[in-house]
1. Provide a single number: the residues in the range 281-304 that are surrounded by fewer than 21 Cβ atoms within 10 Å (Cβ to Cβ) and within 15 Å of the chain's Cα centre (by Cα).
2. Please go through the range 350-365 and give me each residue that is out of contact with any Ser or Thr (no Cβ under 6 Å at 6 or more places or on another chain), within 16 Å of the ligand (Cβ to nearest atom) and part of a loop (DSSP other than H, G, I, E, B), ordered by number.
3. How many residues are small (Gly, Ala, Ser), more than 20 Å from the chain's Cα centre (by Cα) and either within 16 Å of the ligand (Cβ to nearest atom) or surrounded by fewer than 16 Cβ atoms within 10 Å (Cβ to Cβ) (or both) when one looks only at the range 169-204?
4. Among the residues of the range 281-300, how many are within 11 Å of the ligand (Cβ to nearest atom) and in contact with a Leu (Cβ under 7 Å, 6 or more places away or on another chain)?
5. Taking PHE133 and the conditions (1) in contact with a strand residue (DSSP E or B) (Cβ under 8 Å, 6 or more places away or on another chain); (2) under 27 Å from ASP186 (Cβ atoms); (3) not in a strand (DSSP E or B), which numbered condition does it fall short on, given that it satisfies the others?
6. Mind checking whether some residue in the range 350-359 is surrounded by fewer than 20 Cβ atoms within 10 Å (Cβ to Cβ), modelled with pLDDT under 95 and aromatic (Phe, Trp, Tyr)?
7. Testing PHE140 on (1) part of a helix (DSSP H, G or I); (2) more than 16 Å from the ligand (Cβ to nearest atom), one condition comes back false. Which one is that?
8. Please identify the pairs in which a residue from the range 5-25 that is modelled with pLDDT of 95 or more has its Cβ atom under 8 Å from the Cβ atom of a residue that is of a type in the set (Ser, Thr, Tyr) and crowded, with 24+ Cβ neighbours inside 10 Å, counting only partners at least 6 apart or on another chain.
Amino acid sequence: MNQTHFQILIAGGGNAGIGTAAQLLRQNSQLKIGIIEPSDKHYYQPAWTLVGGGDYDINATVRPQSECLPKKATHIKARVTAFKPEENTVETDNGIFTYDYLIVALGIQLDWDKVKGLKENLGKNNISSNYTFQTAPYTFEALKTLKKGQTALFTNPNTPIKCGGAPQKIMYLAADYLRKQGILKDVGVHFYSAGGVIFGVKKYADTLNKIIARYGIQTHFKHNLIEIKGDEKKAIFVNENQEKVEVDFDMIHVTPPQSAPDVIKKSALAMPDNPLGWVEVDAATLQHRRFANVFSLGDAASTPNAKTGAAIRKQAPVLVQNLLALMQNQPLLAAYNGYGSCPLITGYGKLVLAEFDYKNEPTETFFFNQAEERLSMYWLKKYALPYLYWNKILKGTA
Ligand code: FAD
């Protein structure tokens, strides 16, 4: 690599990094942008829920990164190993790069190691997770083995996660699958969540509680998964009284604890005194609170919204407008309102489209009541949103 200085350096070529680069280049095609991204492949993660439910082809969720990166940006095929914001420098495993402006978009880290026994058992013993490309298909394989008298567990950890609804969406698909097989009444379906409620926005929580009752799902709140004994098929939780609770399972879907990537945590970019280590940005402007030439968006940023691709769709234009303003010494006027969306799949052909802001107030797009389950919204999730992602969001036109 000859060039080592970039006007704008973007760390991470996922949803946020590529979408933002494409939008910047649409505003000004002369910008010199470098994108640091180690992966040859680009994933459409939101479809992994449907893959786990057996209703989407895993191979349709991946494309070569070369087809996704904007042609006018320079792809730096490397992994960031250190941020040195005091020196406007990023170190990687393939050289050191400097910048005028930095955008941090490294996504979220899956902390498998925080649950004892999980990593080594994932993908076998009916222990699955929709959170990786490799294991999402195994969720459906495990689901298909369930028989009368057996037990399926679905967990939700004690950290922020990407797509807060994903731990329960797969549970509703599983329950619906069992219903179709005629065995739902005879299989125990349990939701073990470290949180205290089913969903943070009351309007949608009311619907979800009815759906839980309809499927006969049993909920166990304030239960945090800490260990899995794979061969014995036992899951161990800690409850609100700090007691260990051991539960037998025949299948378990695990949503792992998550945090900012370690490379951010150990850098000056991270929020001080926050062990999860998010990049410390202003929640409205997305500018770093201490390093004015640094911005962040997406799952790695400290903004207290639901971490979703839908949020990035609203964050990216704000970041682009503010960064271009900063480059011209203008005030940063664009503000992100915390919008996030969660397409809550509640069964095959059924979806509740939750949309809300920082205050957990619904901010709905459609004229109808989005708290009701709809086939049209399931089609939106299964067909329209993947199309939008590959053809518009990554191209900077949506
Ligand atoms: P990512 O898209 O994860 O990209 C991060 C990039 O950084 C990756 O390309 C990675 O290779 C790169 N990277 C990591 N470390 C380094 C490093 N050290 N150096 C350089 N590059 C690095 N969102 C929705 O809107 N709706 C949904 O229905 C939905 N469902 C979901 C279901 C599941 C099962 C999952 C897993 C996610 C779901 N999401 C959903 C969330 C959505 O996929 C994420 O919020 C989104 O991808 C975040 O974008 P990002 O760019 O911040 O991170």
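1. 1
2. THR363, GLU364, THR365
3. 3
4. Summing the residues that are within 11 Å of the ligand (Cβ to nearest atom) and in contact with a Leu (Cβ under 7 Å, 6 or more places away or on another chain) in the range 281-300 gives 3.
5. Condition not satisfied by PHE133: (2).
6. Looking for residues that are surrounded by fewer than 20 Cβ atoms within 10 Å (Cβ to Cβ), modelled with pLDDT under 95 and aromatic (Phe, Trp, Tyr), one finds at least one in the range 350-359, hence yes.
7. It is condition (2) that PHE140 fails.
8. Correct list of pairs: ILE10/THR20.
The values are calculated or read from the model by the stated rules, or taken from the named source; none is laboratory data. All values derive from a computational prediction rather than experimental measurement. Positions of Cβ are generated from backbone atoms using ideal geometry, with glycine treated the same way; all protein chains shown enter the neighbour counts.
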